[in-house]
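What follows is one structure encoded as structure tokens, with my remarks underneath.
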Amino acid sequence: MCGIVGYIGSKQAAPIILDGLAKLEYRGYDSAGMAVYDGEKGKICTAKAAGRLKMLVHLTHGGEMMKGFAGIGHTRWATHGAPSDLNAHPHTNKEGTIAVVHNGIIENYISLKKKLTDKGYEFVSETDTEVLAKLFDYYYKGNPLEAVTKVLHRVEGSYALGIMFSDFPGELYAARKDSPLIVGQNEDGCFIASDVPAILKYTRKVYYMENQEVACLKADALRFYSVDEEEVEKSAVTIDWDAEAAEKAGYEHFMLKEMYEQPKTVTDTISPRIRNNDIVIEELNMSDEELRSVKKIHIVACGSAYHTGVTAKYVIEGLARIPVEVDVASEFRYRNPILEEGAMVIVISQSGETADTLAALREAKKRGCKVLGIVNVVGSSIARESDSVMYTWAGPEIAVATTKAYSAQLVTLYLLAMKLAKLKGTVGQETFDKLLTELCCLPDQIEMLLAQKEKIQHFANRYVGAKDIFFIGRGIDYAISLEGSLKLKEISYVHSEAYAAGELKHGTISLIEEGTLVVALSTQEELFQKTISNIVEVKARGAFVMAVTNEGNKAIEKAADYVVYLPETCPWFTNSLAIIPLQLFAYYVAVGRGCDVDKPRNLAKSVTVE
């Protein structure tokens, strides 16, 4: 997630902004920039640099080259447009008299850009934020507040904004909707920031902005307004976190914080693609006819991304009736795969730089296949080299073990499966509408499951000393068993394996002994009895069984020792819910064992070498 810092007061702004941006480096970014009003020159001066923040620090000599008492700064994590000096924030109007920094996504920027272009505006970057700078220019008639509120009425999506007008050098403006932004104040001036740690060094007195609120900051005053320009009274909050805790928003670890961000991540990923009760994926860049002509799909990925592919195989084949093969990327490129005419290859990667997945992409293209990339980083190698792209709007993950990016990949694949099914005519409108309704319910249902963390924590504490844990499931439950097992072994270092439950009698059951924990997934109604039979088998060998199943499957209580119930949803979407208790279980086992949850040994966030 991008970072914003702004300051106006009696001190030099640039060093304060750079210091604040440094406190936000944990959020992830690929470029940085700053705008400061220079009173001697009578204009807004900007400096921008791709890469780490130290590049901007070096460029501005630690801020000494940018004199002024008011400014805004930004660390950008690329969404629209590759990381570059040109795409870095702040963005300005043509004359450089208005500067803006922005976190979030402007969903209707394409239509806004077209309207502005028709009115003679020229664009130099690939970002959605430049549209805002030009839109502020269009509406500015001498009243900054009026211009800001008019823009907010026009834009759709999420935003946290910092805005400067050279005509009003003694004022900074801020606004937010669905993207965090706080305002701080001390005896020297006022601040804006996207998170507390950026300004904790300077003040503990902060105001939390609500959706569609506007703030006007002066060196010695603060005012807040509604989107209709009505003044709003707000009360300050005193922050009592220490700096390290503030960076994690009060969570003990980034992984836990990111688990709790999953409802928003799922919402951010699906909501821009659902319009008028239909699925619209503009960035897919494929016509309906091209999608209808797909005869077979090959999904290629590594690690957790591979596990989303295994789930997608069941979902796509079940809904769209298109045959799907799933390959570990490192195997795909060496097995001489048969890629027939009409096949589409889907490569999945959080970073967009995973070496084996990128190599598989190139192999598929070399063989004449269309490649769809599902990635989280705009401008990444996979995004650039794929024929088509679907982005997962998860934002950057700090913890090495993925949680929210995995959930974003799952719902992205659901969207694709549903679109293919509708185009192929394999689901009727009534079924499609029901699927869409169930999909939109997932964020709230995930939130409900996260609320059960104390219950899961209590159970996990019993298995801190476990040496072997097994996960079993049938059908789509096998796919989630794979991810649950990986999450546990990644961060707790407990040996864990996932097996298709029907394979137990083919060797695996010999490993079950007295006290062994078996986690049994059972979310597919037609397979309930089969899975219960497998639970009975392992119980007979002394296993202790934790079952994860749907509400209403009370029969499982007679076989399992401990049951976690999931809210009712479409059978194709159950993995988005089942993963939540498994993530929490892995997390609390790792915490109990004293492991470094965010940075497990020997693992990297992005594997960019073979």
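Here are some notes:
- Whenever a residue of the range 36-50 is touching a residue at least 40 places away in the same chain (Cβ under 8 Å), its partners that are among the charged types (D, E, K, R), lying with C-beta atoms within less than 6 angstrom and at least six residues away or across chains, give the pairs K48/D85.
- Residues (within 22 Å of E95 (Cα to Cα) and either acidic (D, E) or open to solvent by less than 10 Å² (accessible area, probe 1.4 Å) (or both)) located in the range 14-46: A14, A32, G33, M34, A35, V36, D38, E40
- Summed over the range 349-384, the residues that are open to solvent by less than 10 Å² (accessible area, probe 1.4 Å), within 19 Å of A401 (Cβ to Cβ) and modelled with pLDDT under 90 give a count of 2.
- Residue under evaluation D19, criteria (1) in a loop (DSSP other than H, G, I, E, B); (2) in contact (Cβ under 8 Å) with a residue 60 or more places away in the chain; (3) charged (D, E, K, R), criterion not met: (1)
- Within the range 282-293, being under 23 Å from T392 (Cβ atoms), in a loop (DSSP other than H, G, I, E, B) and open to solvent by less than 70 Å² (accessible area, probe 1.4 Å) holds for M286, S287.
- From the list A246, A215, the one residue that fits, being closer than 26 Å to G189 by Cα and at pLDDT below 90, is A246.
- The range 420-434: number of residues that are in contact with a helix residue (DSSP H, G or I) (Cβ under 7 Å, 6 or more places away or on another chain) and open to solvent by 10 Å² or more (accessible area, probe 1.4 Å): 5
- Residues that are surrounded by fewer than 19 Cβ atoms within 10 Å (Cβ to Cβ) and of a type outside the set (D, E) were ranked within the range 58-80; the one that is nearest to S10 (Cα to Cα) is K67.
- The residue that is most open to solvent (accessible area, probe 1.4 Å), among those in the range 254-281 that are over 17 Å from K404 (Cβ atoms) and charged (D, E, K, R), is R275.
- Residue in the range 273-281 that is of a type in the set (K, R), over 21 Å from C570 (Cβ atoms) and not in a helix (DSSP H, G or I) present: no
- Close pairs from the range 466-494: first in a loop (DSSP other than H, G, I, E, B), partner of a type in the set (S, T, Y) and surrounded by fewer than 24 Cβ atoms within 10 Å (Cβ to Cβ), Cβ under 7 Å, at least 6 apart: G475/Y314
- Residue count, the range 134-187 (criterion: charged (D, E, K, R), out of contact with any helix residue (DSSP H, G or I) (no Cβ under 6 Å at 6 or more places or on another chain) and either open to solvent by less than 10 Å² (accessible area, probe 1.4 Å) or without any contact (Cβ under 8 Å) to a residue 40 or more places away in the chain (or both)): 3
- Test: residue in the range 273-284 that is over 28 Å from I579 (Cα atoms) and free of Cβ contacts under 8 Å to residues at least 40 places away in the same chain: yes
- Test: L415 is within 24 Å of the chain's Cα centre (by Cα), modelled with pLDDT of 95 or more and open to solvent by less than 10 Å² (accessible area, probe 1.4 Å): yes
- Among (1) part of a loop (DSSP other than H, G, I, E, B); (2) in contact with a Ser or Thr (Cβ under 6 Å, 6 or more places away or on another chain), the one test that A99 misses: (1)
- Filtered by the rule that a residue be exposed (fewer than 14 other Cβ atoms within 10 Å of the Cβ), more than 25 Å from the chain's Cα centre (by Cα) and closer than 23 Å to V280 by Cβ, the range 92-114 gives a lone residue, K114.
- Within the range 438-463, residues that are closer than 22 Å to L415 by Cβ and open to solvent by less than 40 Å² (accessible area, probe 1.4 Å) have Cβ atoms under 9 Å from residues that are part of a helix (DSSP H, G or I) and of a type in the set (K, R) in these pairs: P443/K264, counting only partners at least 6 apart in sequence or on another chain.
- Subset of the range 298-336 that is open to solvent by 30 Å² or more (accessible area, probe 1.4 Å) and among the aliphatic types (A, V, I, L, M) - its residue that is farthest from T354 (Cα to Cα): V326
- Residue in the range 448-464 that is touching a Ser or Thr at 6+ places or on another chain (Cβ under 7 Å) and basic (K, R) present: no
- The range 192-211, subset of a type in the set (S, T, N, Q) and crowded, with 17+ Cβ neighbours inside 10 Å, residue nearest to the chain's Cα centre (by Cα): S194
- Per-region count, the range 185-208, residues in contact with a Lys or Arg (Cβ under 6 Å, 6 or more places away or on another chain) and farther than 18 Å from E261 by Cβ: 4
- The residues of the range 47-57 that are touching a strand residue (DSSP E or B) at 6+ places or on another chain (Cβ under 8 Å), outside any strand (DSSP E or B) and surrounded by fewer than 23 Cβ atoms within 10 Å (Cβ to Cβ), listed by number, are G51, R52, L53, M55.
- Filter pass, L442 being under 21 Å from V294 (Cβ atoms) and of a type outside the set (G, A, S): no
The values are calculated or read from the model by the stated rules, or taken from the named source; none is laboratory data. Fair warning: this is a prediction, and the values are worked out from it, not measured in the lab. In this analysis, Cβ positions are derived from the backbone assuming ideal geometry, glycine residues included, and neighbour counts consider all displayed protein chains. Note: areas computed on protein heavy atoms with side chains; ligands, DNA, RNA excluded. Shrake-Rupley method; radii C 1.70, N 1.55, O 1.52, S 1.80 Å.
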